[in-house]
Structures are given as structure tokens and as C-alpha cells.
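The values are calculated or read from the model by the stated rules, or taken from the named source; none is laboratory data. Everything numeric here is computed off the predicted structure, so don't read it as measured data. Quick reminder, even Gly has a Cβ in these numbers, built from the backbone with ideal geometry, and neighbours come from all protein chains shown.
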Amino acid sequence: MRKKNNPNANDIIRADLTKALRNCEDSAGSFYSLRTYSVAPNPCILVDGRGVLGLPLSKSEGERLIPRVSQQNPTTSQMTTQTSCSLAVEVPEIHIRNNGFEKFLKEKVIPAVCSDLGVHTWITEPLAELHTMFLCTSGSQLVPCHDPKPVPTRTFGKLLVFLPSDFAGGSLQLSRDGSKYLETTKLEANSAISTSVLAWFNGVSVKSLPVLTGYRLVLSYHLIQTSPTAILPGLDVQAEGVEGVRQVLLRWMQKKKGNDANTIAEVLYYIWDEDPRLTAQLAPLASELGITLYRAEVEMYRFGSVTEPGDYQARRTDVRRRGDYGNGDEGQNDDVEFDEVHAEEFRIQKLTSLNGEIVKGFKEIPFEESMFIPMDFKDELDKPDKREYGGIWQTAKTLVLSRCIGNLAFPRPRRYQDHHSFHFRKSSEDRNFF
């Protein structure tokens, strides 16, 4: 039985980085979500005094609606009858008559945009609350993102639903802290026969460009968290997740320069589910700190003494008797358990950049168990990919964090420098245990 040692500096870094990465994963997401649906239910909008709106919204329908809404008070300081053709109808005067549209929002739209934003629906229990319908015509620059009216408690963002209506122009420009930027130039594509949704967090800067031609019909919703106990999602939560990773990475780099340098791993392998939202959060940070990120497929091999089940010998004899006429030895070792693990090996099978380009020369490169995160990674591995008597192979996908910048000089563990591993012996006598 291997004696359990007290955590060293490397173990502390691994444990802290695991916690920070998982926190970052929990909040990883974009500051916006943009999706288009070619098939969506008609909301059957009833406007008081004007009846049900026909969709896709035609020119005649838009003109029919304008006299009714032209007397509404402007919703932003930019909107006046002289400079804008955008018009608004608030909830008391509009009604969604098709319950199927509400179901579409609840079961399809909200889960999708929340996934993009990194918001966990089972925690926040979000809902979309309609507050205004906007009709945008030629020359309009109105976008309902700076509504001066008080928003409901626990509102964390805005959701716009662009209903089928033929228009051109009217792009929206979204930015987060002036550094990340999106322009919705594709909103007008197939706008007459599709429904698009755009969502963003509170605090995102939004600007609207003028609609050039046609009519754009938009339903504006508040995104509200109904859970009374969950932390309100938003830009600050995402920033805290990234900052937590930053602090641990800085300590990792500092330790590598200090007295513990020889005990600190140069490269770390984080077992993950390949969530692109996490790499989107980490890539700018890694670049800033001089850390390179890769994707790697790694393999673990374990070899040891085993405990055979009671009927194992009889089953092995039966396999030999059947020979080529049977099913071979497939599955016969599945219930053979390790009595004691004598050796373990870890090797890179495939190394790529974040965009999928293969990094040549890094197949079969060994590395130490102390480079894995989380520290209890074996509990997270799937069932063995392959089994032999006394040996199992398992593979995992990892996010690689490397301080070896420029030359890709992944360090080789000392114990592998002078001999070849039994893992890769290919002779029949080495692999035939029967």
C-alpha cells in the first residue's frame, strides 16, 4: 500500500487550479447569444384597437400599425417623430395569443441562449418577460437596450425576438468593455421567413444602425432569474471565474521561479469535456501570461497482479477449445480485478492546437501522473478502452497548459529516458498472457 504523502507545492497548485478551472467552466460563456430559427410558431400578436398582426409582416401591415403606435411616448431620448421611425407598443396593449409561441420560448429559445451565455437554467430558473413590441422602419436607429424604466428585480439581461419581416440594414453592434465586439450583420438574411433571437447580459454596450428598407418587428423581453438563492449571472460572474484562474496561474509561474521550481510541473493536463466556451475564456488570459494552450488525447496504461473470479479458469479453457470457431477472448477479462497495481504510464497520443492543427513529433510522449489535473482524475475516466490479463488502457481528452513557449519542449519524465516501457512492447511473448 503506497503511503500517502502530505501535499507538496505542485499538488497545491493542481488542486487550486482544478477548483479555479471548474468555477470558470461553470460561468464560461459569451456576453451575447444570436440564433436563427427557420421554423418557429407564429405568436399571433393582438394589438388593442388594431387586431391580429399578420406575419411575415408586410408593408401594408406595417402601415396599418403605424397610426396606432405613432402616439406612443418614445422609449429613449434618441427617439422623436422627427428623427426616428421606430415605434413602440407596451405590454398592456399587446397580447400573445398562441401558447405554442410561449412554449417555444420556454423550451427551446431560453435554454439555447442561456447555454451560450453560460447560464445554468436548473440553477437560475430563468424566464423571459415581455415588456415592449417595437416596429422599426426606414431610418430607425432605435434598439431597446437603454430603457429608462425600472426593470424587474433579478433581471440579468435582455432578449430580442426578431419576428418574420422583410427588412435590410439595422445591424446591432454589441461590445463588452470595448474589447470584445459583435455586429449582427446577418439579421436581415432571410428575415422574412425566419425568426432570430438576440440576447445579452446587463452591462453590454449596444448600438443600433439604421434600418435601410422595409419593416422590422421586434419583441423585447427582460431575462429574469426566478431562483431566490442563486447568484445572479452576468459579466461580473464571468470575470470572477477568469480572475480566479489568473491568480492560480500566476502562482504557478511564480513557484516555477522559486525554491520549489524542481517540484513544479512545467506542463499540466486538465481532463475536460472539450467545452469551447472555456477555451474562449482562457485563450486571451493564456496569451497575456505567456502560456500556450493545446488539446491532447492521452492514454493511461496500468499493469498489476489480479484477482480472478471463480469461473475464470473454466472460461479460459472454453475459449481455447473453441479457438477460431468461437468468439475469441473478447470480454473474458472484463471481470478480472486488480489485486495490486505495479506500474502506471501516461502518454500523449495526439497533440493539437486549439484550432485543431496537429503538432507533429508529440506522439507517444510520456509524462508524469503529477501533471494531471484534477488530482483524482482516475475517478473521472470512462471504462477501459482495452483490457488484457493484468493490464488496462484508458484514454482521455485534455486541455494542456504549457509554460514551454516557442520551442514546444515538453519535458520528458526522468524515469523514461534510459529504457523503453513495457507498454509498447509488441512481441507476441510480451502480449500473450495465456
Pick from segment 122-146 the residues that are closer than 22 Å to L105 by Cα, over 25 Å from the mean Cα position of the chain (by Cα) and in a loop (DSSP other than H, G, I, E, B): which of them is modelled with the lowest pLDDT? C145
Every listed condition ((1) modelled with pLDDT of 95 or more; (2) assigned to a helix (DSSP H, G or I); (3) not assigned by TED's automatic domain parsing to the domain that holds R251) holds for L17 save (3)
Which members of segment 233-263 meet the condition of being among the basic types (K, R) and touching a residue at least 24 places away in the same chain (Cβ under 8 Å)? R246, R251, K255, K256
Take the residues in segment 259-308 that are among the small types (G, A, S) and under 19 Å from A20 (Cβ atoms); name whichever of them is farthest from the chain's Cα centre (by Cα). A265
Matching residues in segment 201-232 (free of Cβ contacts under 8 Å to residues at least 40 places away in the same chain and assigned to a strand (DSSP E or B)) number 1
For segment 166-196, which residues satisfy the criterion of being more than 17 Å from L217 (Cβ to Cβ) and either in a strand (DSSP E or B) or modelled with pLDDT of 90 or more (or both)? Q173, L174, S175, R176, K180, Y181, L182, E183
Give the residues of segment 184-208 that are surrounded by fewer than 15 Cβ atoms within 10 Å (Cβ to Cβ) and within 20 Å of T124 (Cα to Cα), sorted by residue number. G203
Which one is nearest to Q247 (Cα to Cα) among residues in segment 270-329 that are of a type in the set (V, I, T) and modelled with pLDDT of 65 or more? I291
Determine whether segment 273-290 contains at least one residue that is touching a Ser or Thr at 6+ places or on another chain (Cβ under 8 Å) and either surrounded by fewer than 17 Cβ atoms within 10 Å (Cβ to Cβ) or assigned by TED's automatic domain parsing to the domain that holds M133 (or both). yes
Restricting to segment 35-48, count the residues that are free of Cβ contacts under 8 Å to residues at least 40 places away in the same chain and at positive phi. 0
Test each condition in (1) over 32 Å from the mean Cα position of the chain (by Cα); (2) modelled with pLDDT of 90 or more; (3) within 16 Å of S220 (Cα to Cα) for V161 and report the one that comes out false. (1)
Could you tell me how many of the residues in segment 93-138 are closer than 22 Å to R154 by Cα and aromatic (F, W, Y)? 1
For V211, indicate whether it is surrounded by 23 or more Cβ atoms within 10 Å (Cβ to Cβ) and either in the same structural domain as G139 (by TED's automatic domain parsing) or closer than 19 Å to G169 by Cβ (or both). yes
If you check every pair at least six apart or on different chains, which have Cβ atoms under 8 Å apart with a residue in segment 351-378 that is acidic (D, E) first and a residue that is part of a loop (DSSP other than H, G, I, E, B) second? E368/A265; E368/P413
Sole miss for I373 among (1) out of contact with any Phe, Trp or Tyr (no Cβ under 6 Å at 6 or more places or on another chain); (2) at pLDDT 90 or above is condition (1)
